[in-house]
Each structure stands twice: as C-alpha cells, then as structure tokens.
Amino acid sequence: MTNDLGLRSEAEQAERLGVTTRTLRRWRRAGYGPAVVRVGRFIYYSPEAERAWLASREQSVELPPPRRRRAA
C-alpha cells in the first residue's frame, strides 16, 4: 500500500516490476534500478523514479527488411 506521499515500499515496487525484493536490493547495491527515497532505515520508491528508470531502459529495435520471395 502506498503511503500519503505516494511512495511505494520495497515489496510493492518489487511486485510492480515482477522481481523479488532480493533482486531490488542487489540492483540498489550495483547502482541499478529505480532511484530510492531513504527514510531512516526504510527504502521507498516514487512512481516518478520508476517511470524515469523505465524510460531510460527503452530501446528502439530495428527490424530487418522483409525477405523477398523468389518467383516460382
């Protein structure tokens, strides 16, 4: 459940991204993943940080040109 500030707990963020809290912690130690808000010993994630991180992960994929069929 998000708090009054709209911040998500570590468990909520992990669920949203489809990863475990252990993965989020490993990402955080590696300097990867969404930015965090630290309040004392608690870690929170903002929706804005999640959107920014996901946007930074976007990649454009170029598809190869269609193959030409040989005439029979």
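The values are calculated or read from the model by the stated rules, or taken from the named source; none is laboratory data. Since this is a predicted model, take the numbers as computed values, not measurements. Glycine also receives a Cβ, built like all others from the backbone with ideal geometry; neighbour counts cover every protein chain displayed.
Tabulated values for the structure
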read-out: Residue list for the stretch 27-45, filter: out of contact with any strand residue (DSSP E or B) (no Cβ under 6 Å at 6 or more places or on another chain) and either among the hydroxyl-bearing types (Ser, Thr, Tyr) or outside any strand (DSSP E or B) (or both); value: 27, 28, 29, 30, 31, 32, 33, 35, 40, 41
read-out: Any hit, the stretch 53-65, residues being free of Cβ contacts under 8 Å to residues at least 12 places away in the same chain, surrounded by 10 or more Cβ atoms within 10 Å (Cβ to Cβ) and of a type in the set (D, E, K, R); value: no
read-out: First in the stretch 1-17 and of a type in the set (D, E, K, R), second anywhere and at pLDDT below 90, Cβ under 6 Å, 6 or more apart; value: 8/2
read-out: Qualifying position, being aliphatic (A, V, I, L, M) and in a loop (DSSP other than H, G, I, E, B), among 71, 49, 55; value: 71
read-out: Top-ranked residue in the stretch 1-26 [being part of a helix (DSSP H, G or I) and of a type in the set (Lys, Arg); ranked as nearest to the chain's Cα centre (by Cα)]; value: 16
